[in-house]
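J.: I'd like to ask some things about the structure below.
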Amino acid sequence: MTKAYNHRRAENEYAKWKEKDEKFMEKNGMSFENILVMREFDRIQFNSNRRFEERLDFDSERIISEAKQNRVESFNDIRNIDDFINSITSISFAEALKELGFEVQLIVFLMYRGYNAKEVSEITGIPKWTISRRLSKLETSYKNKKKNNLD
């Protein structure tokens, strides 16, 4: 198992490395102004890496703690589009979904899973305005089917 990220240890290692690096640059004739530019650049990189390592460490702990928890799965877990369509209790809505095809089914399934239109657009590659248009068509189709089934 790897060591947890230790900010103080990383800071000390960075300071030692930077001291050697700056002595080397000075010894080889680099101007003080350029050394300051390099110092600033290296500090920015160090801070970026530090934030990454801290976040990675935090995420690892969260993932491990979630894995240790007992997870009870329900028979009603909906894992794919077919399960989703079969779980719909409204006949009119299910017919409208089947009529409009896989793209609309995928959009509605992802939204059912908690994604918003922007996220669905990023996942599927379908433009956001197209998603809105498909949902509008689904709504119209559903209303028509509901009206016809009531008559």
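The values are calculated or read from the model by the stated rules, or taken from the named source; none is laboratory data. Keep in mind the model is a prediction, meaning the values are calculated, not measured. Neighbour counts are summed over all protein chains in view; Cβ atoms, including those assigned to glycine, are modelled from backbone coordinates with ideal geometry. We work out accessible area using only protein heavy atoms, side chains counted, and drop any ligands, DNA or RNA first. Shrake-Rupley method; radii C 1.70, N 1.55, O 1.52, S 1.80 Å.
J.: When the stretch 101-151 is examined, which residues are found to be among the charged types (D, E, K, R) and under 22 Å from the mean Cα position of the chain (by Cα)?
T.: Hits for the stretch 101-151 are E103, R113, K118, E119, E122, K128.
J.: Turning to a different aspect of this structure: How many of the residues making up the stretch 112-151 are open to solvent by 60 Å² or more (accessible area, probe 1.4 Å), within 15 Å of I81 (Cβ to Cβ) and of a type in the set (A, V, I, L, M, F, W, C)?
T.: 1
J.: Every residue in the stretch 108-133 that is among the basic types (K, R) and more than 17 Å from I88 (Cβ to Cβ), please.
T.: Of everything in the stretch 108-133, those that are among the basic types (K, R) and more than 17 Å from I88 (Cβ to Cβ) turn out to be K118, K128, R133.
J.: Find the residue count for the stretch 85-98, including only residues that are touching a helix residue (DSSP H, G or I) at 6+ places or on another chain (Cβ under 6 Å) and not aliphatic (A, V, I, L, M).
T.: Final tally of qualifying residues: 3.
J.: Name the one entry in A10, A15 that is small (G, A, S), surrounded by 12 or more Cβ atoms within 10 Å (Cβ to Cβ) and at pLDDT 80 or above.
T.: On inspection, the qualifying residue turns out to be A10.
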